[in-house]
Each structure stands twice: as C-alpha cells, then as structure tokens.
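First comes the structure, then the notes that go with it.
The values are calculated or read from the model by the stated rules, or taken from the named source; none is laboratory data. All values reported here derive from a predicted model rather than from experimental measurement. Ideal geometry is used to build each Cβ from the backbone, glycine not excepted, and the neighbour counts take in all protein chains shown.
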C-alpha cells in the first residue's frame with residue numbers, strides 16, 4: 001500500500017529532516033517574520049503557524065542545507081509550544097496578585113531556557129567547550145541570584161555533558177513549580193513559595209547575551225518563538241506583553257503566534273503595547289483569504305513537493321480532476337451570457353463594461369439554478385477539482401490536506417494499489433462529509449462554560465479566551481447564525497431576478513451587542529467565520545467589520561464557492577435575530593429585498609477572493 005502524501009502530523013513532534021523535506025518557503029509572503037524585532041503572528045488553527053516557526057530552527061536549516069554551519073545563521077531560533085496543560089492548569093487561578101505573576105513568569109522563563117539548552121545540546125558539536133562552560137557559569141550565577149540551585153560544574157565535561165546537566169536543572173525547576181501548583185488544592189490555605197524566581201530582564205536576556213557571543217555564532221539575536229500564546233492565562237499574556245515592551249530585540253526577539261484569541265495587549269502594569277513601536281503584526285488568515293492567488297500558488301507548491309517525495313508523477317490539476325460534464329455545460333452557459341451581454345450593450349443597456357466580468361459573476365449561479373430544478377437542491381452540483389478544493393479550504397492549509405488525505409485513503413482501500421487520480425464522485429463525497437462534520441460539531445458539543453458556575457466566574461476573568469465562552473448556548477447561537485447566513489445566501493443564489501446573486505460575507509453597519517460580539521468572536525476563533533483586513537467603506541469613509549462565511553461550508557449550504565463575490569450590508573439587530581431564529585432572519589431579509597429590489601444593500605468586492613487561473 002502506498003504512503004498517503006497528504007498526511008497531517010503535529011509540527012511539534014516532527015523531526016528536522018521531515019520539516020526540511022516538506023516545508024515550502026512562504027517567507028516572501030511574510031517579510032516581518034525573519035526581521036529582528038518582536039512579531040505577533042496570528043491565524044486560524046491549521047494555517048501553518050507552527051510549521052512556519054519550526055522551519056526557522058537551526059537544525060531544520062541545516063537539514064535543508066540552507067546553511068552549512070551555525071556561523072551562517074542570521075538569528076538563533078528556538079520553538080516553544082505553549083499548548084501543554086501546565087500553562088492552562090486551573091491551579092494557576094488559585095494565586096493572585098504579584099505572586100501569580102512572579103511564579104508564572106519563572107515557569108515561562110525556565111520553559112524557554114529548557115528549550116534553548118535542548119537546542120544547544122543538539123548542536124553541541126558546533127559549540128566550543130569554552131563557550132559551553134561560559135554558558136553554564138552564567139546560568140549558575142543567574143540561577144543562584146534568583147534563589148535556585150546551580151548545576152554541577154564538572155571541569156572535564158564535554159559540551160554535550162554541560163548542556164545536558166543544565167537541561168536537567170531546568171527540568172527540575174519546572175517540576176518544582178508544577179508540583180507547587182498541583183499540590184495547592186490539597187492544602188487548607190495557599191502555602192508560601194520558596195523556590196527560584198527568574199525573569200526576562202534578569203535571567204533570559206543576560207543568558208542569551210552569552211549565546212549571542214558564542215564564537216560559532218555571528219553575534220546574532222535569539223529568536224524565542226512562542227507558539228499558541230493565546231492558550232496562556234491572561235496574566236501570563238500580560239507578562240509576555242511586558243517582555244515585548246522592553247524592546248530588548250538586540251538580544252532577544254519574541255515571535256508570538258496566536259489562534260485569533262489573544263485576549264490583551266496590556267502589560268502587567270496596564271500599559272498598552274502598540275504596533276509598530278513595540279512589535280509588528282502578521283495575520284495569516286487575512287493574507288491567505290484576501291489574496292487567494294498567493295494561497296493557491298502555495299498550496300500547489302506544497303502538493304507538488306509531496307508528490308515528488310511520494311514519487312507520484314502527476315500535476316495537482318490532473319490528480320484532482322473536475323467534473324467534465326459539468327465543466328462543459330458551464331462553458332456553454334458562459335458563452336450564452338457573453339452573447340446576451342454583448343446584445344444588451346449593443347442596445348445601450350447598462351451593465352458591466354466587460355462581458356467576461358458578467359460571465360464570471362453569474363455563470364455558476366445560473367448553472368446551480370438549472371441543476372436545482374423544482375427541488376431547489378443542488379446536490380448534483382460538483383465541487384470536484386484542485387481549484388475548487390483550494391477555495392473550499394478557506395485559506396487554511398490543513399483544510400486542504402485533511403480531505404485530500406481522506407480521498408486518497410478511500411481510493412487506496414478500493415483499488416488496493418497506486419492512486420493515479422481522485423475520482424470526481426470520491427471528491428464530492430468527502431467534501432460534503434467534511435462540511436457536514438464541521439457544522440455537526442457545533443450541535444454535538446456538550447461543553448459547559450465555567451461562567452455557568454457563579455463560584456468560578458472570578459477564575460474565568462483570567463482564563464484564556466479558548467477556555468471561556470464555550471457554553472452550549474453560544475454554540476447553538478453560532479449554529480443559528482451560520483444557518484441563517486447560509487440559507488439567505490442560498491436563496492439569493494437561486495433568485496434569477498437578483499442583481500447580485502453570489503453572497504458570501506456580511507458587513508455589520510452598527511455596533512454589535514456584547515452577546516452578538518461574543519458569538520462572532522467565537523465563530524472567528526473556531527474558523528466558521530473569517531474577517532477581512534479591507535473592511536467595507538461606508539458613507540463618511542468609516543470602515544466597518546466584514547465577516548466572511550468559511551467556504552468549507554459551501555457544499556452544505558449549496559453555495560458557489562468560486563472567487564468572485566459580493567457582501568451583504570446588515571445591522572447588528574439583523575444578526576441578533578439570526579442568533580435566535582435563523583428562519584425569521586431569512587424571511588425578514590428576503591422581504592426587504594422584495595420591497596426595494598432596485599436598491600439592494602449590496603457592495604461588490606470583486607477582488608476579494610479572485611484566484612488567478
């Protein structure tokens with residue numbers, strides 16, 4: 001049985017050679033990431049943030065032969081994943097005030113140093129014994145000053161032994177802190193903490209200065225890449241922000257990734273860190289949803305590289321073929337539209353300047369209307385094809401790879417051998433199930449937020465945003481909102497009298513209530529909704545937020561997911577109706593359309609998701 005080329009593995013566990021073989025360089029899209037400085041990198045789960053960070057590790061660069069030795073590095077990077085349970089432990093909430101900040105900062109600092117020493121240990125052959133001893137000496141000095149126990153100082157130890165010894169001390173410090181937190185619930189009252197207290201300026205920065213001066217390095221800064229920082233409780237997010245505010249980027253640069261849920265940009269003393277003075281920002285979700293031409297190119301490069309590794313002799317467009325019969329009919333409809341448009345223009349009627357624009361805008365809606373017939377169901381419409389799968393993935397790479405993996409496994413199980421291509425019926429079956437599962441999860445989830453327990457409300461105030469707001473009611477409201485938008489967009493798609501039939505996003509004209517904003521934010525964090533950086537411009541030049549329905553949901557609601565789309569202008573009240581009663585929302589909006597068909601509240605965004613052929 002052939003190896004599935006679309007397998008998705010956790011980036012944290014991948015060895016450097018695997019990353020070197022599979023990573024496609026996207027840094028031309030993200031110039032700030034490699035620059036010395038603090039950077040926040042946000043994006044939905046699956047957009048490739050962790051892989052992006054890991055590609056900057058020295059071991060990966062050596063494996064890819066981007067560099068021959070660490071002397072050629074422009075920076076020394078370490079990857080610190082923050083999803084581990086100890087950073088989100090509920091025991092964190094039992095401490096208050098400065099104690100919580102100080103012990104939390106020590107835990108975070110020691111986790112970073114543990115990762116740094118692990119990386120140095122891997123590269124010990126390129127680090128001189130003299131530099132390793134200097135590192136250990138500074139580590140011991142700083143830890144002793146911080147109230148900790150120094151590492152053993154074997155004068156005959158090799159570099160590898162020195163780094164292993166320091167690593168074991170870091171591990172011991174981490175265990176001590178976690179034990180303190182773990183035992184706290186069993187004590188009648190909070191016990192005093194007597195361990196070490198390290199921090200950024202008094203421990204991590206001076207220790208990093210020693211690394212910066214290694215003879216085998218070229219006086220480069222340390223890149224501390226903190227992955228999924230929005231999983232930290234909010235008091236530790238404030239600690240990170242305080243680190244950013246020190247602007248110590250000549251020694252340590254912080255590269256912080258979030259899954260669109262970073263709760264605060266305030267420091268521990270309530271100062272606000274700001275861009276571009278303290279940090280730069282990169283939003284992968286915005287880059288790859290607003291510029292699908294770039295995203296499509298990257299996905300194609302990734303697939304081609306995986307094909308090469310798996311020895312599959314095929315092009316992505318050939319491996320994921322379109323429905324030939326449907327494509328032929330769409331071509332006929334396109335020609336019909338062009339003829340109709342040219343005839344209208346010859347009669348002096350108003351319309352788009354170019355016939356091609358008109359065809360792009362209404363060809364697929366006309367085909368879907370034709371296929372729907374009297375049943376008003378487009379289950380026979382095919383979403384097969386590489387370009388369609390790219391669109392469906394909504395700028396989230398994992399949303400392309402996971403359904404592709406399922407398709408490949410399905411064909412292998414039937415053919416018991418090599419897979420020359422993925423049949424159209426298999427593609428359609430998988431993308432439909434992929435969309436249905438996404439929505440069904442909202443209906444199946446049975447998590448109750450701690451907000452429902454009055455005794456836990458104070459704890460909630462410090463928790464990660466990913467740990468709150470997940471009560472059943474919020475999930476139900478989000479499902480109602482999606483159903484309302486999906487149903488409305490579908491009905492407009494089939495309305496042959498409509499001037500703009502393709503809708504995939506809404507612009508909110510006034511300020512949402514707290515409840516509505518919570519649902520919109522939840523939808524964005526979970527990937528059901530996406531926001532655009534080029535928000536709609538209303539009268540007076542005011543920019544308003546635009547929420548885009550994830551195209552992954554297209555097959556479920558039978559929508560046209562191709563590039564060109566318009567957006568609907570709505571009030572917060574409209575969406576609040578959808579939270580409670582999606583049918584009423586659809587009925588109300590359709591009634592308004594019928595009453596004023598000549599002045600629809602629509603705004604075209606022709607370039608929003610245009611994909612180059």
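Some values worked out for this structure:
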| item | result |
| --- | --- |
| Criterion (touching a residue at least 24 places away in the same chain (Cβ under 8 Å), outside any loop (DSSP other than H, G, I, E, B), under 30 Å from residue 525 (Cα atoms) and touching a helix residue (DSSP H, G or I) at 6+ places or on another chain (Cβ under 7 Å)) met by exactly one of 225, 184 | 225 |
| Residue in the stretch 70-79 that is outside the structural domain of residue 178 (by TED's automatic domain parsing) and crowded, with 21+ Cβ neighbours inside 10 Å present | no |
| Pairs, first surrounded by fewer than 16 Cβ atoms within 10 Å (Cβ to Cβ) in the stretch 322-344, second part of a helix (DSSP H, G or I) and modelled with pLDDT under 90, C-beta under 6 Å, six or more apart | 342/355 |
| Of all residues making up the stretch 106-118, the number that are farther than 14 Å from residue 209 by Cα and out of contact with any helix residue (DSSP H, G or I) (no Cβ under 7 Å at 6 or more places or on another chain) | 1 |
| Residue among 451, 361, 376, 356 that alone is buried (at least 19 other Cβ atoms within 10 Å of the Cβ) and modelled with pLDDT under 90 | 361 |
| Enumeration of residues in the stretch 23-36 that are surrounded by fewer than 17 Cβ atoms within 10 Å (Cβ to Cβ) and either closer than 18 Å to residue 402 by Cβ or modelled with pLDDT of 85 or more (or both) | 34, 35, 36 |
| Residue list for the stretch 588-613, restricted to those being surrounded by 15 or more Cβ atoms within 10 Å (Cβ to Cβ), more than 30 Å from residue 428 (Cβ to Cβ) and at pLDDT 50 or above | 588, 593 |
| Failed item in (1) free of Cβ contacts under 8 Å to residues at least 12 places away in the same chain; (2) farther than 22 Å from residue 558 by Cα; (3) surrounded by fewer than 14 Cβ atoms within 10 Å (Cβ to Cβ), with residue 309 passing the rest | (1) |
| Residue selected from the stretch 411-448 under the condition assigned to a loop (DSSP other than H, G, I, E, B) and within 28 Å of the chain's Cα centre (by Cα), by the criterion modelled with the highest pLDDT | 422 |
| Matching option when the condition is at pLDDT 95 or above, more than 30 Å from residue 128 (Cα to Cα) and buried (at least 22 other Cβ atoms within 10 Å of the Cβ), among 204, 240, 232, 222 | 240 |
| Residue list for the stretch 181-201, filter: surrounded by 11 or more Cβ atoms within 10 Å (Cβ to Cβ) and farther than 23 Å from residue 171 by Cα | 190 |
| Conditions (1) surrounded by 17 or more Cβ atoms within 10 Å (Cβ to Cβ); (2) at pLDDT below 95; (3) touching a helix residue (DSSP H, G or I) at 6+ places or on another chain (Cβ under 9 Å): number failed by residue 176 | (3) |
| Failed item, numbered, when residue 260 is tested on (1) touching a strand residue (DSSP E or B) at 6+ places or on another chain (Cβ under 6 Å); (2) under 20 Å from residue 110 (Cα atoms) | (2) |
| All positions within the stretch 275-310 that are modelled with pLDDT of 90 or more and in a loop (DSSP other than H, G, I, E, B) | 278, 279 |
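Rundown of residues vs (1) without any contact (Cβ under 8 Å) to a residue 24 or more places away in the chain; (2) farther than 13 Å from residue 566 by Cβ; (3) not assigned by TED's automatic domain parsing to the domain that holds residue 567, yes/no style:
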| site | (1), (2), (3) |
| --- | --- |
| 479 | no, yes, no |
| 483 | no, yes, no |
| 487 | no, yes, no |
| 493 | no, no, no |
| 497 | no, yes, no |
| 503 | no, no, no |
| 508 | no, yes, no |
| 514 | yes, yes, no |
| 520 | no, yes, no |
